Structure formats: C-alpha cells, structure tokens
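K.L.:
For reference, the structure I am asking about is given below.
The values are calculated or read from the model by the stated rules, or taken from the named source; none is laboratory data. It should be emphasised that the depicted structure is a prediction, and the values quoted were computed from it without experimental measurement. Cβ placement follows ideal geometry from the backbone for every residue including glycine, while neighbour counts extend to all protein chains displayed.
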Amino acid sequence: MIVEGDSASQEVEFGLTGTKIVNLFLGEGVRETESFGDQLLSRLVGGLNFGLLLALASMGAALIYGTTRLSNFAHAEMVTWGGVVAVLFTTFWHLPVWLGIVAAVVGGGLLGWALDAGLWNPLRRRGLGIVQLMIVSIGLSLALRYAFNYVIGGSTLQLPGAGATPIQLGPVSLSYIDMIAMGVSIVVIVAVAFFLTRTRIGKATRAISDNPQLAAASGIDVDKVIRIVWILAGVLAAISGVLWGYFRPGVRWDMGMQMLLLIFCAITLGGLGTAFGALLGSLIVGIAVEVSTLWIPSDLKYASALVALILILLIRPQGLLGRRERLG
C-alpha cells in the first residue's frame with residue numbers, strides 16, 4: 001500500500017499483498033488532563049455509591065450468618081434474582097419500571113421465605129452441621145445460577161434508563177440514576193438500622209446473634225426470627241441486585257458472583273455477624289476498589305479489597321466492629 005500526502009486528505013493505493021495501519025488525524029490534536037485531586041474526588045463518590053449498594057447485600061448476608069452461622073454462597077444468586085425479576089417485568093414484558101422494581105423487592109422477600117421454609121429450616125431440624133449446610137449452599141448457588149441462564153440467556157440485558165446521560169457536578173460525573181440509587185440505599189440502610197435497634201423483632205435478632213441458646217431460653221421464637229431474617233435478607237439482596245443492574249450497567253445471569261467475594265470481604269472486614277460491621281466494611285471495600293484505580297489497572301481493582309482486608313485483620317483479627325472470641 002502506498003500513502004501520499006501529509007494532510008487530512010490522503011491518496012491511498014492498495015497493493016495485492018502487505019498491510020499497513022494509517023492514522024488520519026482531522027484537526028489539531030488536543031490532550032485533556034484532570035488533576036489528581038479531581039480524579040480522587042470523582043472516585044471517592046463512585047466508591048461511596050458502590051459501597052452503599054454493596055452494603056445492602058452484605059447486611060442481609062451478615063444477618064443470616066449472625067442468626068444461623070451459615071456462610072451462604074447462594075446469597076450471590078439472591079442478588080441476581082432481584083435484577084432478573086426487574087428485567088423480566090420491564091425489558092421482557094414491557095411493564096412500567098416502578099412495577100418491575102416492586103416485583104423485584106416482593107420477589108426477593110418471597111425467595112428468602114421459600115429458601116428458609118423449604119430448605120434451610122428442615123436441614124437445621126435434622127441437625128446438619130455448618131460445613132454440610134455450606135456445601136448445600138454452594139450446590140444451590142450453582143443450580144440457581146444456571147436456572148437464570150436458562151431463563152434470560154447469556155447476554156447482558158439493560159434495564160430501562162440504564163446508561164443515562166451524566167450530570168457534571170464539578171469534577172464529579174453522576175447521572176440521575178446514580179443519585180436516586182444512593183438516596184434509596186441510604187433510606188433502606190437507615191430503615192434496617194431502625195428495625196434492628198428499635199423494634200422487638202430487631203432486638204430479638206441481635207439477641208440470637210449474640211447467644212441463640214440464651215435467646216431461646218428467654219422465650220424468643222428463634223425459628224420465627226430466623227424466617228424474618230431470611231425474608232429481610234432477600235429483600236435487601238433484591239434491591240442491591242436492581243441497583244447493581246444500573247451501576248454496571250446491565251443484568252447478567254451470573255452478575256451476583258462478581259459481588260460474592262466482595263460481600264464476604266465486607267462482612268469479615270466489619271466483623272462477622274454484625275450488620276453494622278457489614279455496612280462499615282462495605283463502604284471501605286467500595287471506596288478502596290474505586291480509588292485503587294488511580295494506581296493500578298482496572299482489571300485488578302477488586303484485588304485491592306482483599307489487600308485492605310488482610311491489612312486490617314493483621315491489626316484487628318476480629319474485624320472492625322467484631323468481638324474478641326476465645327479459641328480452644
């Protein structure tokens with residue numbers, strides 16, 4: 001190939017063999033730079049947004065662990081379920097967005113109720129140990145994941161309004177979807193905090209987390225409280241799944257698996273079994289993941305959460321809000 005000329009208008013002759021890549025620049029090249037402070041502020045806001053939606057899923061998983069001591073690997077699919085229900089109602093069946101979100105929340109609660117009533121409660125009554133229950137949760141995770149793949153396929157599906165035009169607020173770029181997501185997350189987290197600290201069921205949940213035998217001896221219906229915890233965890237996971245579908249953006253059959261390691265990381269970082277610890281851990285993980293992209297490639301950003309976890313556990317093995325326990 002022969003290229004003649006040095007302007008934006010080029011005369012090109014293609015030969016029978018050989019290849020050549022030519023960049024044709026139109027106009028004067030311009031390089032736009034952003035200060036380190038502006039980049040840091042932008043990533044802090046993005047990390048806060050990510051940390052809040054991660055906290056919704058982590059708080060539910062922490063409540064399940066606190067009341068049952070189960071590390072639920074299927075919690076990722078409870079998150080995916082919220083996004084799947086929303087996309088079915090909106091993208092597949094072309095119903096209003098608000099109806100899809102309501103259906104996702106109700107569906108999340110129903111899934112939590114069904115899992116405990118149909119699976120976990122019978123297994124607990126048969127006296128299965130924690131390790132056996134954890135293995136069952138891994139199998140359940142695989143079954144649900146591929147069921148979602150069968151229902152919605154392997155492609156990424158967009159929720160209505162995803163990819164909205166961002167609004168520039170100084171160095172921070174946020175869409176109205178991001179603002180709504182952050183507001184919804186904060187309201188839901190405050191509601192959960194009120195439930196745990198001000199209601200009888202919430203106080204019973206905390207009592208079971210501290211000492212289930214003593215809670216049962218004091219007259220608390222442990223099975224009933226655990227059932228409510230599963231429903232609440234399903235609702236929180238479904239809300240997180242819908243918000244994650246807008247944050248990515250897009251809903252996939254395996255999207256919950258991208259959050260599972262970060263959920264466990266946040267729970268361990270904040271202190272096992274404590275919902276408020278999961279909230280704190282989620283905010284730290286979310287901010288660490290986004291801010292770390294200032295120094296490391298984006299493909300490695302999730303590894304920064306594990307680095308933060310290791311560093312904090314070296315200093316405080318029980319987690320930030322966890323209690324010291326005697327081993328042996």
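K.L.:
Can you tell me which residues in the stretch 204-226 are outside any helix (DSSP H, G or I) and among the β-branched types (Val, Ile, Thr)?
P.N.:
Within the stretch 204-226, just Ile220 meets the criteria.
K.L.:
Further question on the same structure: For Val222, state whether it is of a type in the set (A, V, I, L, M, F, W, C), over 15 Å from Ala55 (Cα atoms) and surrounded by 21 or more Cβ atoms within 10 Å (Cβ to Cβ).
P.N.:
No: the conditions fail for Val222.
K.L.:
Return the residue satisfying two criteria in turn: it lies in the stretch 273-300 and is of a type outside the set (A, V, I, L, M), outside any loop (DSSP other than H, G, I, E, B) and modelled with pLDDT of 85 or more, and of such residues it is surrounded by the most Cβ atoms within 10 Å (Cβ to Cβ). Give the derivation first.
P.N.:
Let us first name the residues in the stretch 273-300 that are of a type outside the set (A, V, I, L, M), namely 273-274, 276-277, 281-282, 286, 290, 292-293, 295, 297-299.
Checking which are outside any loop (DSSP other than H, G, I, E, B) leaves us with 276-277, 281-282, 286, 290, 292-293, 298-299.
Restricting the remaining residues to those that are modelled with pLDDT of 85 or more gives 276-277, 281-282, 286, 290, 292-293.
On the way: Phe276: 19, Gly277: 25, Gly281: 34, Ser282: 31, Gly286: 24, Glu290: 22, Ser292: 21, Thr293: 17.
My answer is Gly281.
K.L.:
Restricting attention to the stretch 157-171, which residues are among the aliphatic types (A, V, I, L, M) and either touching a strand residue (DSSP E or B) at 6+ places or on another chain (Cβ under 8 Å) or at pLDDT 85 or above (or both)?
P.N.:
Step one: of the stretch 157-171, the residues among the aliphatic types (A, V, I, L, M) are 157, 159, 162, 164, 167, 169.
Within the stretch 157-171, Leu157, Leu159, Ile167 qualify.
K.L.:
Further question on the same structure: Just a yes or no: is a residue in the stretch 105-125 closer than 25 Å to Ser185 by Cα and not in a helix (DSSP H, G or I)?
P.N.:
No - not one qualifying residue is present in the stretch 105-125.
K.L.:
Can I ask one more? For the subset of the stretch 269-328 comprising residues that are among the hydroxyl-bearing types (Ser, Thr, Tyr) and touching a residue at least 24 places away in the same chain (Cβ under 8 Å), which member is farthest from Ala61 (Cα to Cα)?
P.N.:
Among those residues, the one meeting the criterion is Thr293.
K.L.:
Output the number of the condition that Val105 fails; it satisfies all remaining conditions of (1) closer than 17 Å to Ile228 by Cα; (2) surrounded by 14 or more Cβ atoms within 10 Å (Cβ to Cβ); (3) out of contact with any helix residue (DSSP H, G or I) (no Cβ under 6 Å at 6 or more places or on another chain).
P.N.:
If we test Val105 against (1) closer than 17 Å to Ile228 by Cα; (2) surrounded by 14 or more Cβ atoms within 10 Å (Cβ to Cβ); (3) out of contact with any helix residue (DSSP H, G or I) (no Cβ under 6 Å at 6 or more places or on another chain), just (3) comes out false.
For (1) at pLDDT below 80; (2) within 30 Å of Ala215 (Cα to Cα); (3) exposed (fewer than 10 other Cβ atoms within 10 Å of the Cβ), each residue gets a yes or a no:
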| site | (1), (2), (3) |
| --- | --- |
| Gly18 | yes, no, yes |
| Leu41 | no, no, no |
| Asn49 | no, no, no |
| Thr67 | no, yes, no |
| Ala114 | no, yes, no |
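K.L.:
When you scan the stretch 129-140, do you find a residue that is touching a strand residue (DSSP E or B) at 6+ places or on another chain (Cβ under 8 Å) and β-branched (Val, Ile, Thr), even just one?
P.N.:
No, because not a single residue in the stretch 129-140 is touching a strand residue (DSSP E or B) at 6+ places or on another chain (Cβ under 8 Å) and β-branched (Val, Ile, Thr).
K.L.:
Somewhere in the stretch 301-314, is a residue assigned to a loop (DSSP other than H, G, I, E, B), buried (at least 18 other Cβ atoms within 10 Å of the Cβ) and of a type in the set (A, V, I, L, M, F, W, C)?
P.N.:
No, that holds for no residue.
K.L.:
Related question: Could you give every pair whose Cβ atoms fall below 6 Å, whose first residue belongs to the stretch 142-158 and is over 15 Å from Val251 (Cβ atoms), and whose second residue is small (Gly, Ala, Ser), counting only separations of at least 6 or pairs across chains?
P.N.:
none
K.L.:
Anything in the stretch 165-203 that is part of a helix (DSSP H, G or I), exposed (fewer than 14 other Cβ atoms within 10 Å of the Cβ) and either in contact (Cβ under 8 Å) with a residue 24 or more places away in the chain or touching a helix residue (DSSP H, G or I) at 6+ places or on another chain (Cβ under 7 Å) (or both)? List them, or say none.
P.N.:
Listed by number, the list holds a single entry, Ile186.
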